[in-house]
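Heads up, the thing below is written out as structure tokens.
The values are calculated or read from the model by the stated rules, or taken from the named source; none is laboratory data. As the structure is a prediction and not an experimental result, all values here were calculated from the model. Ideal geometry is used to build each Cβ from the backbone, glycine not excepted, and the neighbour counts take in all protein chains shown.
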Amino acid sequence: MTSTAAVRFAPQEAGLLATMSRKYGLAADVFERTMAAVAMPQKDGKPDCSREELISCLVVANEHDLNPLTKEIYFMRTKSGIIQPIVSVDGWVKKLNKHPQFDGMEFEDHIDEDGKMTACTIIIYRKDRSRPTKVTEYMSECKGNSVPWLKTERRMLRHRTLTQGARYSIGFAGVMDYDEFEQWQSGQLSRLPAAPSKAIEHAVAPDIPEEEDETPAVTTVSDPVTAAADQVDDTREDGNALKVHDFLEDLRAERRLCASDQDLIDLRENRADAITRLPGPAQEYAQEILADED
């Protein structure tokens, strides 16, 4: 007689989506929908990502142990379609505070004779180093024209200084803050501040080429922005023509940063003049961006 022994299989480990869902106390489908709505790129008020892209972004969030649902980390699509991780100030602070060698930080504001802030220095201490890390960021190089910069430029410069200090002191690679992302996309930064790790490089590969491709690109109209005229009859402070697509991308990004009704009101007032100069389709789209959320 032949006896058959029972074969025991080791239980299969839960996938990343299930693991992160449990971490935040949500059902997997609820977590996936919430992640898509809160942390992923949006288009026309709806998530603009494939399921594969969402999972790859979860890999990045998990790699850095940052909560995408509270926007410690979130994701934006570049002009060439790549999804780039963006870490908020809260995310950078969390990474610093969780580092086992972090031993505190100090800020020094640099004020000129007129009482204006010209630069900010952060001093970060580590238990395993005899000397602190000191990083200075300058207002002239960092200041943007978004509502937060126009209203609270000192706080914004302090935030920018913190993110750069964190990168230098604990090696926070492969991600950027929102202002870096904007500079990168406008061509002010030629490449990412630091190379991503191999585990996540597919999700954060830079899309700024070293040389221009001589082969004409085939343009696909994917939204009302690219269907509008090439330029608006308006200029930035530096005199460069303001392109419709770039303006609306900036407007969408600024709308996401509005944390209150007053922020939205301020944004509308700030951009009202430029919006009136947009071509018809783009002007309508701008009004949709600034509409009240249901």
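Observations, loosely collected:
- Filter result for the condition that a residue is farther than 29 Å from D261 by Cβ and among the aromatic types (F, W, Y), over F75, F102: F102
- Meets criteria (surrounded by 10 or more Cβ atoms within 10 Å (Cβ to Cβ), modelled with pLDDT under 75 and in a helix (DSSP H, G or I)) for A286: no
- Odd one out for S56 among (1) surrounded by fewer than 17 Cβ atoms within 10 Å (Cβ to Cβ); (2) among the polar types (S, T, N, Q); (3) farther than 30 Å from A282 by Cβ; (4) not assigned by TED's automatic domain parsing to the domain that holds Q164: (1)
- If you filter segment 64-91 down to residues that are hydrophobic (A, V, I, L, M, F, W, C) and without any contact (Cβ under 8 Å) to a residue 60 or more places away in the chain, you find that the one that is surrounded by the fewest Cβ atoms within 10 Å (Cβ to Cβ) is L69.
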